[in-house]
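See structure below.
The values are calculated or read from the model by the stated rules, or taken from the named source; none is laboratory data. Everything quoted here is computed from the prediction, not taken from an experiment. Counting neighbours? That spans all protein chains shown, and the Cβs are built from the backbone with ideal geometry, glycine included. Surface areas here come from the heavy atoms of the whole protein model, side chains and all, with no ligands, DNA or RNA. Shrake-Rupley method; radii C 1.70, N 1.55, O 1.52, S 1.80 Å.
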Amino acid sequence: MNKQDLIELLKRYDQGLCSDQEKAWVETWYLNYEPQPLDTSIEVLSADLDEVEQKLIEYTTFRRIPLWPRIAAAASIVIFLSIGGYFLLHKPAPVQTAQNQMHNDVAPGGNKAIITLSNGKKISLTDASQGTITKEGNTIIKKTNDGTVSYEGSAPTGTTGQLAYNTIAIPRGGQWTVILPDGTKAMLDAASSIKYPVSFSGNERKVEITGQVYFEVVHNAAKPFRVVTKEQVIEDIGTKFNINAYDDEPAVKTTLVEGAVRVSSPGTHSVLETAGVILKPGEQSVLQNNKLMVSGANIEETLAWKNGYFKFNDDNVESIMRKLSRWYDIEVEYKGDLPDIKFDGEIPRNTGLSQVLKVLELANVHFTIQGKKLTVTP
């Protein structure tokens with residue numbers, strides 16, 4: 001890409017004529033641009049063009065597509081000036097930028113979890129060494145090389161002969177993967193939990209969850225796998241699926257990736273909702289206000305969290321803040337009337353909070369961080 005091509009790219013961006021890939025090039029460079037005092041000399045502008053061109057070349061090799069607001073005035077981070085072919089980067093005033101208001105950036109979340117054994121003992125999986133963590137009867141609980149938890153051996157029972165249960169709880173700012181005793185894989189997002197027997201016996205395999213969990217179930221027609229949330233029951237019919245059941249979200253969403261599941265909501269009055277609906281791959285059930293609905297799903301958006309990035313699709317500020325508050329373990333406070341703006345795009349979850357907020361500020365939303373408290377203002 002020569003300098004003239006680059007100038008034309010910036011011009012098309014300002015006019016809203018760029019393709020999604022071209023938008024990603026420009027906005028990825030913007031995220032890594034450090035503003036300097038404006039110098040409009042030919043020498044400096046020429047050097048800036050060289051720097052922009054090199055940055056674009058570097059970042060086209062990565063799958064990093066930052067979000068952009070769906071509003072022309074806010075999305076226009078590049079203003080083309082026709083006189084002399086000069087251009088400048090239009091950035092918020094220093095007093096309003098997240099980078100200047102946040103002296104302490106907030107690191108992204110990581111692998112963190114606590115397991116509670118059947119006897120009530122709690123063990124930090126984060127701090128546990130690889131290999132055997134503990135034993136429950138004849139069952140060995142291990143932390144594998146890739147950081148998951150797995151079970152080997154037969155099940156212990158409690159003092160009353162009932163099955164012994166373990167619970168894995170993920171704090172805000174954490175995530176974890178567990179291989180359940182039947183070989184089913186469960187990946188837990190921040191502020192989530194799963195309760196399960198140390199070994200599945202009887203005629204069903206039942207687990208209880210909160211928050212968001214992705215399952216890859218080992219199918220056993222003779223022993224159905226059931227997931228219980230506060231408001232519904234999901235029964236596996238051989239499948240991969242994701243459940244989002246956070247208390248602070250407006251709906252419980254179950255998204256089927258592969259196989260089939262039956263979703264029911266015993267607390268509702270509708271016969272259909274009580275009996276349940278069977279999802280097909282690519283479908284999502286939404287339980288909201290005691291109504292169970294089925295629609296097509298955006299699988300990429302649903303599974304973005306487990307694949308290591310945030311995916312926004314017509315998300316408003318409040319929706320984005322709920323996701324960020326869980327992953328970065330921050331408290332969010334709102335002051336003033338926020339603009340009604342929707343955002344599209346994606347950002348890696350290993351990005352520092354200030355970089356995420358830097359993009360959001362393009363839409364005239366501003367942020368201040370003090371410790372773990374984030375204040376959002378118009």
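Give region 112-122 a look and list any residue that's within 30 Å of the chain's Cα centre (by Cα) and buried (at least 17 other Cβ atoms within 10 Å of the Cβ), or say none.
Hits for region 112-122 are Lys112, Ala113, Ile114, Ile115, Leu117.
If you take the residues in region 131-187 that are assigned to a loop (DSSP other than H, G, I, E, B) and hydroxyl-bearing (Ser, Thr, Tyr), which one is modelled with the lowest pLDDT?
Only one residue tops the list, namely Thr159.
Look at region 338-378 and say how many of its residues are open to solvent by 10 Å² or more (accessible area, probe 1.4 Å), in contact with a Phe, Trp or Tyr (Cβ under 6 Å, 6 or more places away or on another chain) and outside any strand (DSSP E or B).
1
So which pairs qualify, if the first residue must be in region 296-323 and at positive phi, the second must be basic (Lys, Arg) and open to solvent by 40 Å² or more (accessible area, probe 1.4 Å), the Cβ gap must be under 6 Å, and the two must be at least 6 apart or on different chains?
Every condition considered, the pairs that remain are Asp314/Lys342.
What is the residue count in region 203-229 for residues that are open to solvent by 60 Å² or more (accessible area, probe 1.4 Å) and not charged (D, E, K, R)?
Of the residues in that region, 7 qualify.
Just a yes or no: is a residue in region 239-262 modelled with pLDDT under 90 and not acidic (Asp, Glu)?
yes
Considering only region 282-294, I want to know if a residue exists there that is hydrophobic (A, V, I, L, M, F, W, C), surrounded by fewer than 20 Cβ atoms within 10 Å (Cβ to Cβ) and assigned to a helix (DSSP H, G or I).
Checked region 282-294: no residue is hydrophobic (A, V, I, L, M, F, W, C), surrounded by fewer than 20 Cβ atoms within 10 Å (Cβ to Cβ) and assigned to a helix (DSSP H, G or I).
Is there any pair with a first residue in region 104-120 that is within 14 Å of Thr134 (Cβ to Cβ) and a second that is open to solvent by 80 Å² or more (accessible area, probe 1.4 Å) whose Cβ atoms are under 6 Å apart and which are 6 or more apart or on different chains, and what are they?
Ile114/Lys122; Thr116/Lys122; Ser118/Tyr165
Within region 302-336, track down each residue that is buried (at least 17 other Cβ atoms within 10 Å of the Cβ) and not hydrophobic (A, V, I, L, M, F, W, C).
Thr302, Lys306, Tyr309, Lys311, Asp315, Lys323, Ser325, Arg326, Tyr328, Asp329
Among the residues of region 365-375, is any touching a residue at least 24 places away in the same chain (Cβ under 8 Å) and under 30 Å from Gln232 (Cβ atoms)?
Within region 365-375, not a single residue is touching a residue at least 24 places away in the same chain (Cβ under 8 Å) and under 30 Å from Gln232 (Cβ atoms).
Of the conditions (1) touching a strand residue (DSSP E or B) at 6+ places or on another chain (Cβ under 8 Å); (2) part of a loop (DSSP other than H, G, I, E, B); (3) touching a residue at least 40 places away in the same chain (Cβ under 8 Å), Pro250 satisfies every one except a single condition; which number is it?
Exception for Pro250: condition (3).
Report the residue count in region 230-256 for those that are β-branched (Val, Ile, Thr) and surrounded by fewer than 20 Cβ atoms within 10 Å (Cβ to Cβ).
2
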